[in-house]
Amino acid sequence: MDDARKTPGEIVGDTRTARITAEEALAMHAEGRPGKLEIRLTKPLITARDLSLAYSPGVAEPCLHIHRDKKLAYDYTAKGNFVAVVSNGTAVLGLGNLGALASKPVMEGKAALFKRFADVDSIDLCVDTEDVDAFVNSVRYLGPSFGGINLEDIKAPECFVIEQRLRELMDIPVFHDDQHGTAIVAAAGLINAIHLTGRDIKTTKLVINGAGAASIACAELVKAMGMRPENVLLCDTKGVIWRGRTEGMNQWKSAHAVETPARTLSQALDGADVFFGLSVKGALTPDMVRAMAPKPIIFAMANPDPEITPDEARSARPDAIVATGRSDYPNQVNNVLGFPFIFRGALDVRASTINDAMKIAAAEALAMLAREDVPEEVAGAGAGKSLRFGPEYIIPNAFDPRLISRVSPAVAKAAMESGVARKPLADLHRYARDLANRLDATVGALEAIAESVRNNPKRVVFAEGEEEKVIRAAIAFLNAGYGTPVLVGREDRINAITAALGIPLPAGIEIQNARVSDSNVRYAEFLYKRKQRDGFLFRDCQRLVNQDRNVFAACMVACGDADAIVTGSTRSYSVAMEGISMAIDPVPGRSVFGLSIVVSRRAGTVLVADTAIHERPNAETLAAIARGSAAAARRLGLEPRVAFLSFSTFGDPKGSIPGSIRDAVKLLAERGADFEFDGEMAADVALDPALRAALYPFCRLTGPANVLIMPGLHAAHVLTKAVPKLTSSQVIGPLLTGLTHSAQIVPMQAGVNQILDVACLAAHAAATK
Ligand SMILES: NC(=O)C1=CN([C@@H]2O[C@H](COP(=O)(O)OP(=O)(O)OC[C@H]3O[C@@H](n4cnc5c(N)ncnc54)[C@H](OP(=O)(O)O)[C@@H]3O)[C@@H](O)[C@H]2O)C=CC1
Ligand SMILES: CC(=O)C(=O)O
Ligand SMILES: [Mg+2]
């Protein structure tokens, strides 16, 4: 208990690794609106009509309907997405019995994690009693408000009785997170640690320090997964729980008592394979670790400070796999990886309970996710050093955006298969996609495109095939079912990179070494035919094909050996463009331009052009860009409403640039266009129909503009570079538009996901040209 009581300014937790001070933690909680939660409205309450609908008299209607049919509560209220986080504060983290009020920061935190990671709304209910009956009674009648109950930080053995009784009394899932959430996440880590150390669960020997809520649940789950009861030893404050012991026992401990001569934790750990710490700070000593079997597995999960620090454990045993409950060490085995996603899945199928099948499904989904390549945004969220499956990465990071779309569908599926889903889902793949979109709007915008690419896969050449990011994007491209990635590069280099990454190069990826390719002569001849009157000798063309990967890749596409090219992550835009232009031309009569896709939760998907080529487009070019953008919008499934943007709106204020924009609008009107367009107008006017209706009722756009034609490259760059920094919106592109073949240049330093998204869009463009 010593360091919860630190004064501001002192470091919280272990001084060698903690990145925050007590002062910072307190300031964060006190700053602005105190605490971490607020409630937001989901319906407008602005006008008298809104009030009549939401409150009296309108609210009477849903009340009467629910009175007739209880199920309708899920349709007319927040119940189906609402979880209560309930505690009496008797086992707050590993800090002990701090009471209900002092548990509130943790409970608000759990509610915040529900929202952040799984979009589950929740509220903390801190119940000020240690009496089991009083506690059960104060919770059991709250069922109508909630879709589920998450019990938290209630000490053993009372927690077992409370959970059991509430499960019997309530018709919604009741889940004690410290028991089952912890057991699920620890089991996931254990599956992977056992795999990495070449063990068999049937012969693995586990010692659990602690015999409370988390420990008993862990013991039960690992036994359900195949660990032998005689190989699981529990210890508590009185030492080993051996068969025949009477002191400090209860029925839950007795159920796990074992015939053993060991009486102390130290004796129990002699030769043990695995240690689970669910007790208190510092309970495990380096000497105890030294006595464990080779390649010991040590999960020191007490919070906020583990039973042993990873540094101490590893200096005692460099061959150990070490995990803790904290986010500032590698391998965070913490129930944050479980409860948000488990409830998400349970709520979405309206499960009546969370059963063992759902728990095991969650553990397996977590374990398998850790074995996949790790997205870069996870590293960006401060996940730690080693993000490749191995001793320092046995469990996904809490910021891994794939958790929701992997764990929740696994839970939902298990609920359906085990017969506890009251509202089964028809399409689990769609559900997984919707979940990914729920937290990231870009996913939804790209998903329709991705689906169409999966139905019509393409060969995409990745010109910078010796770059680690590009190789990872190509592997992801193949795994996503988008088609065949072709890496331009030397096989030995590419293999060395994948070996270092620890990801074998999948069979479906092709490698083309430009220097020794059988197609070189054909490509050089093709190039020579195009360039012989532009001062190029045959040997110049040969050299270009052999040495310039962009030229080689562009020739592949132009000669029909591939459908699209992606490049640009290592060279400047103009260099990449030059290479592509050697082999690929603009569509006759069309303008080549850059199209960026802004994906925003608030405004949906908005296309912006030209964001790459024309510094000061004239009226003719602007009109061509508008036509090309409208066509691109249709290919992306949007019905175009094109706004020509300027600093002025319909002549006010006056200036020279709006003149060319007005001419472009006139050109389109004269020549005819099969899409809505208008301008010039300011960006707020373009995006806000209410503003237009009030001030410019004659404007021809029938809704918010979804294609913005920029007056010049200056403004376009300012917009597309500022938006992702100032808002939560994302910008994809610029995508090259108007070429005879699909070719895309990613921004320099683009990350794996960005390269993958652009490759998918390049494949889509190849299919829809
Ligand atoms: N990483 C994670 O996700 C999670 C971690 N935890 C951590 O696990 C710990 C226990 O939580 P929880 O199970 O909810 O609490 P409980 O109060 O239910 O259980 C605590 C257990 O720890 C035992 N214990 C206390 N001190 C020692 C000691 N020095 N040596 C051996 N055993 C000891 C107690 O023994 P006795 O029975 O003799 O009193 C009791 O069995 C906490 O540190 C908590 O932070 C919990 C949930 C999730
Ligand atoms: C993580 C958690 O729930 C605990 O330590 O109690
Ligand atoms: Mg807890």
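The values are calculated or read from the model by the stated rules, or taken from the named source; none is laboratory data. Because the structure is a prediction, the values reported are computed rather than measured. Glycine gets a Cβ as well: all are built from the backbone with ideal geometry, and neighbour counts include every protein chain shown.
Key figures
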| item | result |
| --- | --- |
| Unique residue being at positive phi and either modelled with pLDDT under 95 or under 30 Å from the mean Cα position of the chain (by Cα) (or both) when the list is Arg344, Arg350 | Arg350 |
| Selection within the stretch 711-745 - assigned to a loop (DSSP other than H, G, I, E, B) and out of contact with any helix residue (DSSP H, G or I) (no Cβ under 9 Å at 6 or more places or on another chain) | Thr727 |
| Glu168 without any contact (Cβ under 8 Å) to a residue 40 or more places away in the chain and either within 16 Å of ligand 2 (Cβ to nearest atom) or part of a strand (DSSP E or B) (or both) | no |
| All positions within the stretch 102-125 that are of a type in the set (Ser, Thr, Tyr) and away from ligand 1 (no atom under 14 Å from the Cβ) | Ser122 |
| Filtered residue count, the stretch 263-289, keeping only those that are more than 38 Å from the chain's Cα centre (by Cα) and basic (Lys, Arg) | 1 |
| Sole residue being at pLDDT 95 or above, within 16 Å of ligand 3 (Cβ to nearest atom) and closer than 22 Å to Pro294 by Cα, chosen from Ala213, Ala217, Ala186 | Ala186 |
| Of all residues in the stretch 167-179 being within 32 Å of the chain's Cα centre (by Cα) and either among the β-branched types (Val, Ile, Thr) or surrounded by fewer than 24 Cβ atoms within 10 Å (Cβ to Cβ) (or both), the one that is nearest to ligand 3 (Cβ to nearest atom) | Val174 |
| Options Ala313, Ala367; residue that is surrounded by 24 or more Cβ atoms within 10 Å (Cβ to Cβ), more than 12 Å from ligand 2 (Cβ to nearest atom) and modelled with pLDDT of 95 or more | Ala313 |
| Members of the stretch 699-717 that are farther than 15 Å from Phe677 by Cβ and either crowded, with 24+ Cβ neighbours inside 10 Å or among the β-branched types (Val, Ile, Thr) (or both) | Ala716 |
| Residues located in the stretch 391-401, provided they are in a loop (DSSP other than H, G, I, E, B), of a type outside the set (A, V, I, L, M, F, W, C) and more than 13 Å from Gly338 (Cα to Cα) | Pro391, Glu392, Pro401 |
| Conditions (1) within 16 Å of ligand 3 (Cβ to nearest atom); (2) over 31 Å from the mean Cα position of the chain (by Cα): number failed by Gln164 | (1) |
| Hey, Met292 at pLDDT 95 or above, within 16 Å of ligand 1 (Cβ to nearest atom) and not in a helix (DSSP H, G or I) or not | no |
| Test: residue in the stretch 625-634 that is part of a loop (DSSP other than H, G, I, E, B) and at negative phi | no |
| Qualifying positions in the stretch 679-710 - part of a strand (DSSP E or B) and at negative phi | Glu680, Met681, Val707, Leu708, Ile709 |
| Positions within the stretch 128-153 being touching a strand residue (DSSP E or B) at 6+ places or on another chain (Cβ under 6 Å) and within 24 Å of Leu95 (Cβ to Cβ), in sequence order | Val139, Ile149, Asn150, Leu151, Glu152, Asp153 |
| So Thr720, is it in the same structural domain as Ser646 (by TED's automatic domain parsing), at pLDDT 90 or above and buried (at least 17 other Cβ atoms within 10 Å of the Cβ) | yes |
| The one condition in (1) within 8 Å of ligand 1 (Cβ to nearest atom); (2) surrounded by 22 or more Cβ atoms within 10 Å (Cβ to Cβ) that Pro304 fails to fulfil | (2) |
| Residue in the stretch 154-170 that is farthest from Ala217 (Cα to Cα), counting only those that are in contact with a Lys or Arg (Cβ under 9 Å, 6 or more places away or on another chain) and not aliphatic (A, V, I, L, M) | Arg165 |
| Some residue of the stretch 296-309 being in a helix (DSSP H, G or I) and either of a type outside the set (Lys, Arg) or farther than 22 Å from Pro330 by Cα (or both) | no |
| Count of residues meeting criterion [crowded, with 16+ Cβ neighbours inside 10 Å and modelled with pLDDT under 95] in the stretch 583-592 | 3 |
| Helices (runs of 4 or more DSSP H) wholly inside the stretch 445-539 containing at least 2 residues that are out of contact with any Cys (no Cβ under 6 Å at 6 or more places or on another chain) and among the aliphatic types (A, V, I, L, M) | 468-479, 491-501 |
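Quick grid of which residues meet (1) free of Cβ contacts under 8 Å to residues at least 60 places away in the same chain; (2) assigned by TED's automatic domain parsing to the domain that holds Pro640; (3) over 30 Å from Gly651 (Cβ atoms):
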residue	(1), (2), (3)
Asp678	yes, yes, no
Val685	yes, yes, no
Ala693	yes, yes, no
Thr702	no, yes, no
Ile709	no, yes, no
Leu726	yes, yes, no
Met748	no, no, yes
Ile755	no, no, yes
Cys760	no, no, yes
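Let's see how each residue does on (1) more than 41 Å from the chain's Cα centre (by Cα); (2) within 15 Å of ligand 1 (Cβ to nearest atom):
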position	(1), (2)
Asn231	no, no
Asp236	no, yes
Gly244	yes, no
Asn250	yes, yes
Lys253	no, yes
Thr260	yes, no
